[in-house]
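Let me begin by presenting the structure, written as structure tokens, before commenting on it.
The values are calculated or read from the model by the stated rules, or taken from the named source; none is laboratory data. What you are looking at is a predicted structure, and each value in this text was computed from that prediction instead of being measured. Neighbour counts are summed over all protein chains in view; Cβ atoms, including those assigned to glycine, are modelled from backbone coordinates with ideal geometry.
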Amino acid sequence: MKKIDLSRWPRARHFELFKNYDMPFLNITADVDVTKLHKKIKKNGWSFFATMLYYVMKMLNEIPEFRYRIRNKEVIEHERVHPSYTVLFEDDLFGFVTTTFDEDIDAFRHQVDEDIKHTQMSQSLKEEDGRDDLIYISAIPWVSFTSVTHPWNTNETDSFPRVTWGKFYKKNERVFIPVSVAAHHALCDGVHVGKFFKKLTNAIENIEL
């Protein structure tokens with residue numbers, strides 16, 4: 001982790017402009033072609049959620065703007081960020097799970113499975129206090145949405161990016177899912193969200209079948 005020198009940061013003017021907005025998050029939703037990923041997962045019997053989570057986190061970590069956080073009126077940059085995601089319980093309620101991101105996809109998928117099992121057994125709703133090296137992740141597999149609105153506490157500085165994906169749908173023999181990305185506009189712009197979508201699409205398209 002390092003502190004950003006605002007006096008030398010090219011984005012300082014944008015940071016000052018947007019940091020105090022009541023609703024400072026930009027939110028962009030786009031459809032992502034996951035045809036090759038879907039085929040690979042079905043062939044190998046993998047968890048779609050854990051595999052998609054790996055690619056989303058890998059791409060986000062490659063873009064510095066998604067690793068920036070506002071802390072005590074300053075900006076810091078994490079070396080790596082990790083997913084904090086929701087898991088459904090049997091009573092249709094949910095809990096929070098945090099998994100350490102690992103560049104090894106098999107190790108990461110295994111850890112996701114273990115962390116989900118642990119949270120489902122404990123029925124925990126507790127988040128990890130004091131951490132801001134997280135990306136908030138949600139999956140909504142019941143609907144192919146066109147937009148998403150997230151809750152956040154406007155009484156505190158919330159600069160956690162949020163990524164949500166929805167239900168599969170097919171079009172012209174291709175498989176798509178909607179993906180929503182929300183980020184604090186003082187730290188991130190549409191161009192950075194665009195880079196994420198481009199990286200994610202390229203990574204999935206280059207999967208070896």
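Can you find a residue in segment 158-166 that is farther than 23 Å from Y21 by Cβ and touching a strand residue (DSSP E or B) at 6+ places or on another chain (Cβ under 6 Å)? Yes, there is a match, as at least one residue in segment 158-166 is farther than 23 Å from Y21 by Cβ and touching a strand residue (DSSP E or B) at 6+ places or on another chain (Cβ under 6 Å).
Among the helices (runs of 4 or more DSSP H) confined to segment 1-68, the ones with at least 2 residues that are more than 19 Å from the chain's Cα centre (by Cα) and crowded, with 16+ Cβ neighbours inside 10 Å are located at 12-18, 35-44. With respect to the conditions (1) in a strand (DSSP E or B); (2) in contact (Cβ under 8 Å) with a residue 24 or more places away in the chain, L209 lacks only one, and its number is (1). Screening M57 against (1) in contact with a strand residue (DSSP E or B) (Cβ under 8 Å, 6 or more places away or on another chain); (2) more than 28 Å from K198 (Cα to Cα) leaves a single unmet condition, (2). Please verify whether segment 119-126 includes one or more residues that are under 21 Å from L60 (Cα atoms) and not in a helix (DSSP H, G or I). There is no residue in segment 119-126 that is under 21 Å from L60 (Cα atoms) and not in a helix (DSSP H, G or I). Condition check for F108 on (1) in a helix (DSSP H, G or I); (2) over 20 Å from Y55 (Cβ atoms): one failure, at (2). One residue alone among K117, K167, K198 is modelled with pLDDT of 95 or more, of a type in the set (K, R) and either touching an Asp or Glu at 6+ places or on another chain (Cβ under 9 Å) or loosely packed, with under 14 Cβ neighbours inside 10 Å (or both), and that residue is K198. Note on segment 134-164: among residues that are among the β-branched types (V, I, T) and under 21 Å from K58 (Cβ atoms), the one that is surrounded by the fewest Cβ atoms within 10 Å (Cβ to Cβ) is T164. Among what's in segment 29-66 and is out of contact with any helix residue (DSSP H, G or I) (no Cβ under 6 Å at 6 or more places or on another chain) and without any contact (Cβ under 8 Å) to a residue 24 or more places away in the chain, pick the residue that is nearest to F160 (Cα to Cα). Per the stated criteria, the residue is P64.
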